[in-house]
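Notes for the one structure printed next.
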Amino acid sequence: MAMRNYDEPVVDAALRRPNIASADIQLPAVRDYEQVDREIAGTLAPSFGWFGALGVAILLFLWGAGVWIYQIYWGLGNAGYAPPVMWGVYIITFVFWVGIGHAGTLISAILYLFRAGFRTTIYRCAEAMTVFAVMTAGLFPIIHIGRPWKFFWLIPYPNWRLIWPQFKSPLVWDVFAILTYLTISSTFLYVGLIPDIATLRDRERNPVRKQMLAVLSFGWRNSDSEWRHFTRAYLFLAAFSTPLVLSVHSVVSFDFAMALAPGWHTTIFPPYFVAGAIFSGIGMVFTIIIPIRKFFNLKHYVTLNHLDAAAKLCLFTSMVVGCAYLMEFWVAWYSGNEVEQNYFWNRVFGQWWWAAWIMLICNCVLPLSLFSQKLRRNTVWLFGLSLFINLGMWFERFVIVVPSLSHEFEPWQWTHYAPSWVDISLLVGSFGWFFMWFLLFIKQLPVVAISEIKEIVPPKMRHAHGHHGGAH
Amino acid sequence: MQGMMGVFRELDAATDAVRALRQERIDRITAYTPTPRHEFEEAFGTPASPVRRFTLIGGLLGATFGYWIAIWCSDYWPLVVGGKPIASWVPYTIFGFEVMVLIGGLSTVFGMFANARVPRLVMTVGYDPRFAQGNYGVYAEGTQQQLRSIEDTMRRAGAVEVQGAR
């Protein structure tokens, strides 16, 4: 038997591809703090491509806004509703965008608590995506109520009518959950941005812009005292955000699970919705981060190792979602309830087969390709797959909302549903609204967290000793 | 009070300066670092941040308010449905939880701002824009007699530049 020579240097595979599921993250092409500042601040210079993309996003948004005004003027009847299917594209799109908003806080808070290194370079992007996705989602219940100027009736406040919201209604639960999520995720994003804005302030030469950045950074000075309280506050915000992520989509799922409709009234919904939300959010993170790393020249920050790790998370959540789909069928079969069984048969092999199969192929079959390491590290494949995941997750919500309402308990209730041009326009407009904010964000503020990247870069030392990372 | 500001290129030089100054019983020291470092916390020997108390108090107040508003509204405008409780704690836990997170999170940020003395309207003495980039800074205040010794200590620790600031 050949003896191994232990004196020979062992080329450890982990050095080439570090285990970034731990905090052990390496950016070999990033040498010092000055390089980090220069390269990330350099991404803020506008380009023709960015103006073009922003122009398209604004046009889509204006189209959607115009159609919304049309709908307010002519009534909600234009929205393609027909009794009993009174929830359609608006509720589907609401759930879709809330779901997208979940990956941001998952990546920034939950993976932070678990010290998953790969989050560091992508979390800022994901957090911004969360805020804008929740802003987009929040529009849809308001659009859906038809008289948007009455939405504030859902908020409990002393009023001359002496009327208060019905606190046992899932609609009011949604208001509290979504507003809390929007507030906390915006706060989390902004708190993390403060040191980076201070860095931009100190590099800025234009006095007006410098003054604006000074105000936005709250006069941050990078002192030991500021960092001490900052790191602690960041940790607690992450600790609060973690259960919040799980609660928000659970509350959204209660909109359905509390109702007596086939396919909806089930206890599996909260974990099923949370897993789906995280899966769809990671899909959207790929859709956003892959073009950014290419066009902003950030390939040595958002490395293939990071994408590889995120792809594994995507694969895992895809399998959780697939398991939930199977479990729904099993529950229907095991219940012995004919209505439930008929409903699920109708969903996959009947009236809505095409939507269900789009969902199953995009969410369960195609992501299985991520078992291949080559494909996990192929950005073209990941980007294409992410588009299919976005499509599949929109159709998942379609499959949840529409088949239940169009195939309720009595045959006389069975009907059809087709979105109108008004629904589709508002769906398209929502993408314009989301990408308009996101594109504005990435040219005003750093899309990669400067101060956290600096924590990874080994600091200059007079006496060489091990680098233990920052205090974050 | 006057002070001396030292600029350091190396992290360990800056932390050595902080340790040496503390040994000389210089109390009012501020360190500047582009990114949070445990080494400074060790050099200063500072206790854990009191931000956690703001989090705890905010969270408790939020949870109390969340339950209270739901129970009070139900009691004020009761909707009596066939033997069901007017105030039901199971769904009201959603309000208790959400408002706990909301107020707890905002209190945490308030606690951070209050303890770190942020927002700051003017840049304080002893700060240099280089401290947001690649350099570390140590600013120490002392009497006229101590300034010379502070400067010597900083230079011995490895400061590349030491200047008076007031």
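The values are calculated or read from the model by the stated rules, or taken from the named source; none is laboratory data. Here the structure is a predicted model, which means the values were calculated and not measured. Quick reminder, even Gly has a Cβ in these numbers, built from the backbone with ideal geometry, and neighbours come from all protein chains shown. Surface accessibility is based on the protein's heavy atoms, side chains included, excluding ligands, DNA and RNA. Shrake-Rupley method; radii C 1.70, N 1.55, O 1.52, S 1.80 Å.
Numbers for the structure displayed
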{"item": "Residue in the stretch B:94-102 that is assigned to a loop (DSSP other than H, G, I, E, B), at the interface with another protein chain (Cβ under 9 Å from one of its Cβ atoms) and closer than 24 Å to A:Ser217 by Cα present", "result": "no"}
{"item": "Pair list, Cβ < 6 Å and 6+ apart or interchain, from the stretch B:60-77 residues that are closer than 13 Å to A:Lys168 by Cα to residues that are open to solvent by less than 80 Å² (accessible area, probe 1.4 Å) and assigned to a helix (DSSP H, G or I)", "result": "B:Tyr67/B:Tyr92; B:Tyr67/B:Gly96; B:Ala70/B:Tyr92; B:Ala70/B:Phe95"}
{"item": "Residues within the stretch A:205-223 that are at the interface with another protein chain (Cβ under 7 Å from one of its Cβ atoms) and surrounded by fewer than 23 Cβ atoms within 10 Å (Cβ to Cβ), tallied", "result": "2"}
{"item": "Candidate set: the stretch B:107-136, residues that are assigned to a helix (DSSP H, G or I), of a type outside the set (Ser, Thr, Tyr) and more than 7 Å from chain A (Cβ to nearest Cβ); chosen: the one most open to solvent (accessible area, probe 1.4 Å)", "result": "B:Phe110"}
{"item": "Residue satisfying condition, being in a helix (DSSP H, G or I) and closer than 20 Å to A:Ala41 by Cβ, within set A:Ile178, A:Ile184, A:Ile194", "result": "A:Ile194"}
{"item": "Count of residues meeting criterion [more than 9 Å from chain B (Cβ to nearest Cβ) and part of a helix (DSSP H, G or I)] in the stretch A:251-267", "result": "5"}
{"item": "Residues of the stretch B:38-47 satisfying the condition of being open to solvent by 10 Å² or more (accessible area, probe 1.4 Å), over 20 Å from B:Ser149 (Cα atoms) and not hydroxyl-bearing (Ser, Thr, Tyr)", "result": "B:His38, B:Glu39, B:Glu41, B:Glu42, B:Gly45, B:Pro47"}
{"item": "Residue pairs meeting the criteria (Cβ under 8 Å; at least 6 apart or on separate chains; first closer than 10 Å to B:Phe40 by Cα, in the stretch B:3-26; second surrounded by 24 or more Cβ atoms within 10 Å (Cβ to Cβ) and hydroxyl-bearing (Ser, Thr, Tyr))", "result": "B:Leu11/B:Thr33; B:Leu11/B:Tyr136; B:Ala14/B:Thr33; B:Ala14/B:Tyr136"}
{"item": "Residue check for B:Arg28: within 17 Å of B:Ala116 (Cα to Cα) and either in contact with a Pro (Cβ under 8 Å, 6 or more places away or on another chain) or not small (Gly, Ala, Ser) (or both)", "result": "yes"}
{"item": "One residue from B:Thr153, B:Thr108 being out of contact with any strand residue (DSSP E or B) (no Cβ under 7 Å at 6 or more places or on another chain) and in contact (Cβ under 8 Å) with a residue 60 or more places away in the chain", "result": "B:Thr153"}
{"item": "Residue within the stretch A:378-391 that is among the aliphatic types (A, V, I, L, M), in contact with a helix residue (DSSP H, G or I) (Cβ under 7 Å, 6 or more places away or on another chain) and either assigned to a loop (DSSP other than H, G, I, E, B) or farther than 28 Å from A:Phe269 by Cβ (or both) present", "result": "yes"}
{"item": "Residue list for the stretch A:427-468, filter: open to solvent by less than 20 Å² (accessible area, probe 1.4 Å), assigned to a loop (DSSP other than H, G, I, E, B) and modelled with pLDDT under 90", "result": "A:Val457, A:Pro459"}
{"item": "A:Thr180 more than 9 Å from chain B (Cβ to nearest Cβ) and buried (at least 21 other Cβ atoms within 10 Å of the Cβ)", "result": "no"}
{"item": "Every residue from the stretch B:72-90 that is within 7 Å of chain A (Cβ to nearest Cβ) and open to solvent by 20 Å² or more (accessible area, probe 1.4 Å)", "result": "B:Tyr76, B:Trp77, B:Leu79, B:Ser88"}
{"item": "Residue selected from the stretch B:37-62 under the condition at the interface with chain A (Cβ under 7 Å from one of its Cβ atoms) and in contact with a strand residue (DSSP E or B) (Cβ under 9 Å, 6 or more places away or on another chain), by the criterion farthest from A:Pro458 (Cα to Cα)", "result": "B:Phe44"}
{"item": "Number of the exception - A:Pro243 against (1) within 24 Å of A:Arg124 (Cα to Cα); (2) in contact (Cβ under 8 Å) with a residue 12 or more places away in the chain", "result": "(2)"}
{"item": "Selection status of A:Val131, touching a residue at least 12 places away in the same chain (Cβ under 8 Å), over 30 Å from B:Lys84 (Cα atoms) and of a type in the set (A, V, I, L, M, F, W, C)", "result": "yes"}
{"item": "Qualifying residues in the stretch A:161-172 (those that are in a helix (DSSP H, G or I) and open to solvent by 10 Å² or more (accessible area, probe 1.4 Å)) - the one nearest to A:Ile91 (Cα to Cα)", "result": "A:Leu171"}
{"item": "Count of residues meeting criterion [facing another protein chain (nearest Cβ under 10 Å) and open to solvent by less than 10 Å² (accessible area, probe 1.4 Å)] in the stretch B:16-36", "result": "7"}
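Residues are listed down the side, and each one gets a yes or a no for (1) of a type in the set (Ser, Thr, Tyr); (2) under 26 Å from the mean Cα position of the chain (by Cα); (3) outside any loop (DSSP other than H, G, I, E, B):
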{"position": "A:Leu27", "(1), (2), (3)": "no, yes, no"}
{"position": "A:Leu44", "(1), (2), (3)": "no, yes, no"}
{"position": "A:Ala57", "(1), (2), (3)": "no, yes, yes"}
{"position": "A:Thr93", "(1), (2), (3)": "yes, yes, yes"}
{"position": "A:Val98", "(1), (2), (3)": "no, yes, yes"}
{"position": "A:His102", "(1), (2), (3)": "no, yes, yes"}
